[in-house]
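Before any comments, here is the structure.
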Amino acid sequence: GAGVSQSPSNKVTEKGKDVELRCDPISGHTALYWYRQRLGQGLEFLIYFQGNSAPDKSGLPSDRFSAERTGESVSTLTIQRTQQEDSAVYLCASSLKGQAWGHGYTFGSGTRLTVV
Amino acid sequence: ILNVEQSPQSLHVQEGDSTNFTCSFPSSNFYALHWYRWETAKSPEALFVMTLNGDEKKKGRISATLNTKEGYSYLYIKGSQPEDSATYLCAFSSGGSQGNLIFGKGTKLSVKP
């Protein structure tokens, strides 16, 4: 697609429910990143995909968080048994080859998750 | 732990004022420094990528400089306009096997007409 697309744009969920966030990167971008921004905080790295493998998932905050990617295409971030501290804007970004080659990110417009 | 610090946290200026803000980052294992602009309800938008000590980049009224030896970058906005209101993020990368950018918390700029 022309840009990075994320869905849903907003999600309100009850504590304890599972949620799934979707990211559709720019066609041909091999690198895909998930970040989140909680209120008053900076952008927090969650996970990085190169193709469909995840060489760095060090930022996933707990085992309730998981992510997968199909080929060099769509990625889903799943949060199980959501907690209020999971409330944040979840941003996805893709990059042609990855920042290690000097390429910056193209971001999606994010999913605002609110856990009530 | 790699840390990227931005200051000030927020800034209020009048239309027409020029302003600047700072990003400091680790000076060791430096590969690149990125600046992004993030308007409310939109996607962060890439402004500059800088890799060499002494780099200066310019895009319209916005420019940035880079000092990798001391670990800082400045972003300058000349003659601020209300449409410049946004959060400006800087991000550091050490390249190599490190896959992700490390972001600062941003400087939130508000420009009053």
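Inspection of the stretch A:81-98 finds no residue satisfying the criterion of being away from chain B (no Cβ under 14 Å), in contact with a helix residue (DSSP H, G or I) (Cβ under 8 Å, 6 or more places away or on another chain), under 15 Å from A:GLU20 (Cα atoms) and touching a residue at least 12 places away in the same chain (Cβ under 8 Å).
The test for being small (Gly, Ala, Ser), open to solvent by 20 Å² or more (accessible area, probe 1.4 Å) and in contact with a Ser or Thr (Cβ under 6 Å, 6 or more places away or on another chain) holds for A:SER66.
So, in the stretch B:17-36, exactly how many residues are open to solvent by less than 50 Å² (accessible area, probe 1.4 Å) and either part of a strand (DSSP E or B) or within 12 Å of another protein chain (Cβ to nearest Cβ) (or both)? Step through it out loud before you land on a result.
Of the stretch B:17-36, the ones open to solvent by less than 50 Å² (accessible area, probe 1.4 Å) are B:19, B:21-26, B:30, B:32-36.
Now drop any that are not either part of a strand (DSSP E or B) or within 12 Å of another protein chain (Cβ to nearest Cβ) (or both), which leaves B:19, B:21-24, B:32-36.
Looking only at that region, the number is 10.
Within the bounds of the stretch A:19-33, is there any residue that is more than 13 Å from chain B (Cβ to nearest Cβ), out of contact with any strand residue (DSSP E or B) (no Cβ under 8 Å at 6 or more places or on another chain) and closer than 27 Å to B:LEU47 by Cα? Yes, there is a match, as at least one residue in the stretch A:19-33 is more than 13 Å from chain B (Cβ to nearest Cβ), out of contact with any strand residue (DSSP E or B) (no Cβ under 8 Å at 6 or more places or on another chain) and closer than 27 Å to B:LEU47 by Cα.
Inside the stretch B:37-90, can you point out the residues that are assigned to a loop (DSSP other than H, G, I, E, B) and open to solvent by 60 Å² or more (accessible area, probe 1.4 Å)? Talk me through it step by step, then tell me what you get.
The initial filter retains those residues of the stretch B:37-90 that are assigned to a loop (DSSP other than H, G, I, E, B), namely B:39-44, B:51-55, B:60-61, B:68-71, B:78-81, B:85.
Residues satisfying the conditions are B:THR40, B:ALA41, B:LYS42, B:THR51, B:LEU52, B:ASN53, B:GLY60, B:ARG61, B:LYS69, B:GLU70, B:LYS78.
Only one of the numbered conditions (1) away from chain B (no Cβ under 14 Å); (2) modelled with pLDDT of 95 or more is violated by A:GLU72, and that is (2).
Across the stretch A:24-59, the number of residues qualifying as open to solvent by less than 40 Å² (accessible area, probe 1.4 Å), over 17 Å from A:GLY110 (Cα atoms) and without any contact (Cβ under 8 Å) to a residue 40 or more places away in the chain comes to 5.
The values are calculated or read from the model by the stated rules, or taken from the named source; none is laboratory data. Just so we're clear, the structure is a prediction, and the values are computed from it rather than from any experiment. Reconstructed Cβ throughout: ideal geometry from the backbone, glycine too, with neighbour counts over all protein chains shown. Calculation scope for accessible area: heavy atoms of the full protein, side chains included, ligands and nucleic acids excluded. Shrake-Rupley method; radii C 1.70, N 1.55, O 1.52, S 1.80 Å.
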